[in-house]
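Every number in this text was worked out from the coordinates using simple rules, so none of it is lab data. This is a predicted model, so every value here is computed, not measured. Using ideal geometry, Cβ is built from the backbone for each residue, glycine included, and neighbour counts are taken over all protein chains shown.
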Amino acid sequence: MAEMSLEEIRAAIDVVDAELVRLLARRESLVRRAAPLKRDAPAVRAPGRVEQVIARARAQAVTAGADPEVVERIYRAMVQAFIDMELTEHHRTTVDKGVIE
């Protein structure tokens, strides 16, 4: 395998980043669809579900040869950002429309 220059490595990282953003957009779309299906804010926060997602990500990290600690930190930040967005979406699609009081 040929040695890559720093510029080539950065270009490869840019390609990976573009794919990650596309995947995050898909995830966001699904989260937005799930928001109105949940009965209240605790159901959106779903700490048990969060821990399942984190455990699965850590296991997949090991299988993929990634550092599970780094993957967990990324996932915790990502999941919290999506929970914050989903809480806003849940409120907009349920409480603001009178679906839930």
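Here are the numbers for this structure:
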read-out	value
Among the candidates Glu28, Glu19, residue that is of a type in the set (D, E, K, R) and within 14 Å of Asp84 (Cα to Cα)	Glu28
Verdict on Arg39 being on the phi < 0 side of the Ramachandran plot, out of contact with any helix residue (DSSP H, G or I) (no Cβ under 8 Å at 6 or more places or on another chain) and not in a helix (DSSP H, G or I)	yes
Arg49 touching a Leu at 6+ places or on another chain (Cβ under 9 Å), surrounded by 10 or more Cβ atoms within 10 Å (Cβ to Cβ) and of a type outside the set (S, T, N, Q)	no
Near pairs, Cβ below 6 angstrom, 6+ apart or cross-chain, from segment 40-66 (over 16 Å from Gln80 (Cβ atoms)) to any residue that is assigned to a helix (DSSP H, G or I) and of a type in the set (D, E, K, R)	Arg58/Glu72
